[in-house]
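In what follows, a structure is listed as structure tokens, so that the remarks can point back to it.
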Amino acid sequence: MLRRVMKIPPLHLMWLWAVGASGAGEVRIAERGGPAECAIVRPAGASPSQVYAADELRRFVGEMTGVKLPVVSDDGPLPARAILLGETRHTGRLLGGPVDLAALGDDGFRLKTCPPHVLVVGGPVRGTLYGVYELLERFGGCRWYASWHSVIPRHDAWAVPAVDEAQVPAFVMREPFWFDMFDGDLAARNRCNGNAMRLAEKHGGKIRFGEGLFVHTFNTLCPPEEFFDAHPEYFSEIDGRRVRERTQLCLTNPDVLRIVTERLLARIRKDPGARLFSVSQNDWQNFCTCPPCRAIDEREGSHAGTMIDFVNRVAEDVEKEFPGVWIETLAYQYTRKPPKTIRPRHNVVPRLCSIECDFSKPLPESAFEQNRRFVEELRAWGRMTDKLYVWDYTTNFREYISPFPNVLALRGNVSLFRDNGVVGLFEQGAYQGRHGDFAELKAWLLAKWLWDPERQAGPLLEDFFWGYYGAAGPIVRGYFDELHGFHGDPAGKPLRIFDDIRTSAIPDEFLVRAVRMWAEAEIAVKDSPPHGHNVRMGAIPALYARLMRLPPHDEIGVWVTENPGLYDVPPERRALAKELLARFGEGKNVRISESLERHEKVLGDIARWATAMPHVTAPVRSSAIVEEAQLTLANRGEWGDFVKDPLAEDGAAMKLFNTHYEWCTTLPFGRVAFDPGKKYRIRVRLRVESAGGVDGEAFWAGVYDARNRRSCGGIDRKVGATGEEYAWYDVAEWVPERDHYFWIGPGRFDKKGGARSAVGAVYVDKLELVRVE
Ligand SMILES: [Zn+2]
């Protein structure tokens, strides 16, 4: 339930309107240079967040007008003019009736002007504080876009116009799970109260999960390492066998129920301030298929059958001791489909996950099959519980810094969840670092819509683009609008959270222009460092996408050329890589990918491309040694391996096994810098261990032209012609091209009739490349 008296005008209009000519019923708060005539009144028994609400109001009125309002407690007389916070001794009389705090809940508030006073009526948890932020945001024009970027306008006079409205949020638990929004002040000012926010007592705390029981908790509550050996029957039965690795719990086993309940209760007793405790499946498949589990799941048409049945039993016991605690479980992957007859208890919170969906447009508007199923399942869950949670996905997890045009879907999705009875919404974004694609915008919009999904996108976008990018706002908005057009049509390519920017629907032509647009945007704010910073960070996804779309260039590892500059990183790649590295440094704590391994790989690539290659400036070389470690080995472990070999010059060699004779070792010449059009000789240093008593081929090697499918020369040798010592063998003389490669394999033999190789093994020590003309 949410009631609004006034529409929200765009920011720049609103300032004029809020401070314009005096309107009927308005309350003047402060005038620059004037006395502090209006007092802030808080209850004598104010909660920490109400004390903080008074401090925040005093601080921001001071920043807006230069006037520091006095803060007094309500045990004195009512001042001549006042902003009264919470339920003061005077509030009921001014309202003309009793104060109904219960209707406002923990987070709701009522704003009412009673000239010459303003009432911010709210409860002690967070409601009063949120009411103060609404007052400042809506009538003062204050904005908190990021932890480093607020807009606090300067007013010559500030008045609150006539207002009487109550607001309660659309969702009980609001969690835009984005890195910067974890900042406690930013989260509180944008009215987020979720688990990950660093909300202190002064912010009114938060709704949180019990310590260590956030998600995927089966292995925590009933660990296989503790129980499996003695009781394999506690864990998943798959194909008639109990499974220890990547297992789930056997949810019909009464001992499992007892263990999970006891351990959960022990944890709740240690952490009674938490509202939610998760009893949920591990993050893989492998549900139990023992006969009792299977019977329930078949009857219910879903593995959510055993899951909800089990969690209900746990929750029933928990309720006896902790009636206010909610037990959360996942409706995720194999448990997404709702059960036919079993219903979650009133203290059970199913959390439905949208991981498979298309996010290019609001979920119900996409023709993508996974969306159709998800929306059906959402509606079904919504009909069977009043405590549905959703875990939604709002960024590209492969690369947070890839353009991910999902903003126009966000509001529709939040509305859909609200309309289907969702009470807690977890909007997972780039949570490990700053400056993912439009990260600050997405977190801020989500905060606004989790409070009230009725707010239109247009004014909010206008507000943000002006406030956050300053004079560059229109240019960035142009980029944003065009970017969001590429997935627009109903049959368009779906936008999914692990998409690769190299193959996305965003055209190269646009990315070329996008880099220019951001450069223009930077010029537009050159006189405003705070906006300049936001523009430089905002450009990262466009620069990154352009870099990833450049044609691949060869990574050179071997240099035999008089013209090393020919093989340097191409200038555009070098420039983009340097620019990105610089901006990562300025941005601090930029995280590229959810996967740390991928983050480090991409960062390493970019750093390499940004730096001048050492060989480019090294002396000219007409020959080079290639150690075996630089060669590619196929089917390592089966066809050969890297081994220690005291006979090799560097003490190491590549051993080719005698189990096969395929070309198992190669050196692609795309990795070698040659002088174009010149002739080279390649030789290999190797030794042959004979099999004893079998005469036949020892090895074969050559240079192959993959594009034209022809040989450029090669050799083979019989065992009798090799000896057991290392020796150099000339392989070919030819004019190299980038599609050529060197290859070698152990000697051929007839594989029919149990015949075997003439060699025990072949050891490759190194290659040599020499320019011969
Ligand atoms: Zn079972």
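Values quoted throughout were computed directly from the atomic coordinates according to the rules given, and no laboratory measurement underlies them. Everything numeric here is computed off the predicted structure, so don't read it as measured data. Please note: Cβ atoms are built from the backbone with ideal geometry, for glycine as well, and neighbour counts cover all protein chains shown.
List of remarks:
- Computed from the C-beta positions of TRP728 and ASN635, the FRET efficiency with R₀ = 22 Å rounds to 0.25.
- Near THR335: Cβ cut-off under 14 Å, other residues only, Lys/Arg at +1 and Asp/Glu at -1. The net charge is -2.
- For LYS526, the lysines whose Cα comes closer than 24 Å to its Cα, not counting residues fewer than 8 places off in the same chain, are LYS578, LYS588.
- Extended-chain gain in nm, criterion 0.36 nm per residue less alpha-carbon gap, ARG89 and GLU321: 79.9 nm
- Karplus 3J(HN,Hα) series, Hz, for segment 302-316 with 6.51 cos²θ - 1.76 cosθ + 1.60 (x for Gly, Pro): 6, 6, 5, x, 5, 5, 5, 4, 5, 5, 4, 5, 4, 5, 5
- Among HIS531, HIS203, the ranking by other beta carbons within 10 Å of each residue's beta carbon, starting with the fewest, stands as HIS203, HIS531.
- Under 5 Å from the amide H of VAL348 lie the amide H atoms of ILE327, each residue being 5 or more positions distant or on a separate chain, with H modelled from the backbone and absent for Pro and chain starts.
- Neighbour count of at most 15 Cβ within 10 Å plus DSSP loop: longest chymotrypsin sites (Phe, Trp or Tyr not before Pro)-free window in the chain: 499-773
- Among SER302, SER528, SER354, a tally of other beta-carbon atoms within 10 Å of each Cβ gives an order, fewest to most, of SER528, SER302, SER354.
- Cross-link partners for LYS766 among the lysines, with Cα-Cα distance under 21 Å and sequence neighbours closer than 8 places in the same chain left out: LYS644, LYS655, LYS679, LYS718.
- Expected 222 nm ellipticity per residue - DSSP helices of 4 or more, -39500 (n - 2.57), all of the chain, to 500: -9500 deg cm²/dmol
- Between the beta carbons of HIS216 and ARG372, assuming R0 = 25 Å, the FRET efficiency works out to 0.40 to the nearest 0.05.
- Where a label projected 7 Å from the Cα of ASP386 along Cα→Cβ would reach, residues of segment 401-427 with amide N under 16 Å: 419-424
- Three semi-axes describe the equivalent ellipsoid of the chain; taken as square roots of 5 times the Cα gyration tensor eigenvalues and ordered largest first, they are 63, 37, 21 Å.
- Inter-probe distance in nm under a simple model that places probes 7 Å from Cα toward Cβ, at GLU356 and VAL694: 5.1 nm
- Here the calculated FRET efficiency for ASP239 and ARG598, from their Cβ-Cβ distance with R0 = 25 Å, stands at 0.15, rounded to the nearest 0.05.
- For the pair ASP650 and ALA706, the difference between a 0.36 nm per residue extended length and the Cα-Cα distance amounts to 17.0 nm.
- Beta bridges by DSSP in the chain, antiparallel share as percent, to the nearest 5: 65 percent
- GluC sites (Glu not before Pro) within segment 550-603, DSSP loop, no more than 16 other Cβ atoms inside 10 Å: GLU555, GLU562
- The chain: relative contact order in percent, alpha carbon pairs under 8 Å with at least 6 residues between: 9 percent
- Relative to the dominant Cα principal axis of the chain, helix 571-587 is inclined by about 40°.
- Restricting the GluC sites (Glu not before Pro) of segment 205-297 to loop positions (DSSP other than H, G, I, E, B) with no more than 14 neighbouring Cβ atoms within 10 Å leaves GLU211, GLU245.
- Net charge dipole size for the chain [Lys, Arg +1 and Asp, Glu -1 on Cβ; Debye, nearest 20]: 1280 debye
- Length released on extending from SER623 to ASP156, taking residue separation times 0.36 nm less the Cα-Cα span: 160.4 nm
- Ordered by the count of other Cβ atoms within 10 Å of each Cβ, fewest first, SER147, SER623 give SER623, SER147.
- Inter-label distance for GLU509 and ASP554, nm, one decimal - labels placed 7 Å from Cα along Cα-to-Cβ: 3.3 nm
- Label-zone membership for segment 121-157, site ASN589, 7 angstrom Cα→C-beta point, backbone N under 16 Å: 145-150
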